[in-house]
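The values are calculated or read from the model by the stated rules, or taken from the named source; none is laboratory data. Treat the numbers as computed from the prediction; the structure is a model and nothing was measured. FYI the Cβ positions are ideal-geometry reconstructions off the backbone, even for glycines, and counts take in every protein chain you see.
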Amino acid sequence: MSFHLGSLRIGVGYAAAAALTAALLLDREGRITCCLLAAVLHELGHLLMLLCFRVRVRGIALRLFEVCIEADRPDTLAGDVWVTLGGPLMNLLLAAAFLPIDRTFCCANLALGAFNLLPVMTLDGGRLLRLMLCRRLRERTAERVMKTVTFLIALPLMTAGIFVLLRSGYNYSLLIVSLYLMAVLFLK
């Protein structure tokens, strides 16, 4: 389903809407709500940087495991880097600001900001690495390096996810994220 907000097209996938609804309904302690708010503010950080560099945003698509901002590219490498860093920087600034106020919201922002800086495909750190690699290497070589780095990071994350699940008996979030990263790696 999609709608327009002025000239901005906003799309929400049915799976994303269902997952979001279920998560909010099952969130008795407010942790999921904090994480979702941190994710929204992360994307707002990207949008603010796009506005700072006067880049036209055409649309926003909310999918099951990602938010895609459809926009033109900044004119410079520096602009591209700042737009990419906008999300994690927003989270890290919010983590610092909320440390004395709300530890749950602080931790959600810190975790999301730090995690997104991992040099893995589909994450902001992966986008930064790709920008740097494409300046030095051919496109095909940069793609191979990205896939290798993604695999070398996703595999230990998956192992850690299994360990956390076995130790806690219920916390499967890291395992799901690492499985998503592996799926992206092999499906691209």
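In the list Glu66, Glu29, which residue meets the criterion of being more than 21 Å from Ser178 (Cα to Cα) and of a type in the set (D, E, K, R)?
Residue meeting the stated conditions: Glu29.
Just to be sure, is Gly169 within 20 Å of Ala108 (Cα to Cα) and either outside the structural domain of Leu36 (by TED's automatic domain parsing) or surrounded by 14 or more Cβ atoms within 10 Å (Cβ to Cβ) (or both)?
no
Condition check ((1) modelled with pLDDT under 90; (2) farther than 23 Å from Gly161 by Cα; (3) over 18 Å from the mean Cα position of the chain (by Cα); (4) not aromatic (Phe, Trp, Tyr)) across all residues:
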site: Met1; (1), (2), (3), (4): yes, yes, yes, yes
site: Glu43; (1), (2), (3), (4): no, yes, no, yes
site: Phe65; (1), (2), (3), (4): yes, no, no, no
site: Thr76; (1), (2), (3), (4): no, yes, yes, yes
site: Ala96; (1), (2), (3), (4): no, yes, yes, yes
site: Asp102; (1), (2), (3), (4): no, yes, yes, yes
site: Ala114; (1), (2), (3), (4): no, no, no, yes
site: Leu118; (1), (2), (3), (4): no, no, no, yes
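Here are the criteria: (1) surrounded by 15 or more Cβ atoms within 10 Å (Cβ to Cβ); (2) at pLDDT 90 or above; (3) in contact with a helix residue (DSSP H, G or I) (Cβ under 8 Å, 6 or more places away or on another chain). Tell me which single one Ala61 does not satisfy.
With (1) surrounded by 15 or more Cβ atoms within 10 Å (Cβ to Cβ); (2) at pLDDT 90 or above; (3) in contact with a helix residue (DSSP H, G or I) (Cβ under 8 Å, 6 or more places away or on another chain) applied to Ala61, the lone miss is (3).
Test of understanding: among Leu89, Leu157, which residue is under 18 Å from the mean Cα position of the chain (by Cα) and modelled with pLDDT of 95 or more?
Answer to the selection: Leu89.
Only one of these is loosely packed, with under 12 Cβ neighbours inside 10 Å and either outside any helix (DSSP H, G or I) or among the hydroxyl-bearing types (Ser, Thr, Tyr) (or both): Thr148, Thr141. Name it.
Thr148
What number of residues within the range 84-116 are surrounded by fewer than 19 Cβ atoms within 10 Å (Cβ to Cβ) and either of a type outside the set (A, V, I, L, M, F, W, C) or over 29 Å from Met132 (Cβ atoms) (or both)?
Count: 8.
Given the structure, is Leu62 of a type in the set (A, V, I, L, M) and touching a strand residue (DSSP E or B) at 6+ places or on another chain (Cβ under 7 Å)?
yes
What are the residue pairs meeting all of these: first residue in the range 1-13, first residue touching a residue at least 60 places away in the same chain (Cβ under 8 Å), second residue part of a strand (DSSP E or B), Cβ atoms under 9 Å, and 6 or more apart or on different chains?
Note: pairs meeting the criteria are Arg9/Ser2; Arg9/Phe3; Arg9/Arg58; Arg9/Gly59; Arg9/Ile60; Arg9/Ala61; Arg9/Glu70.
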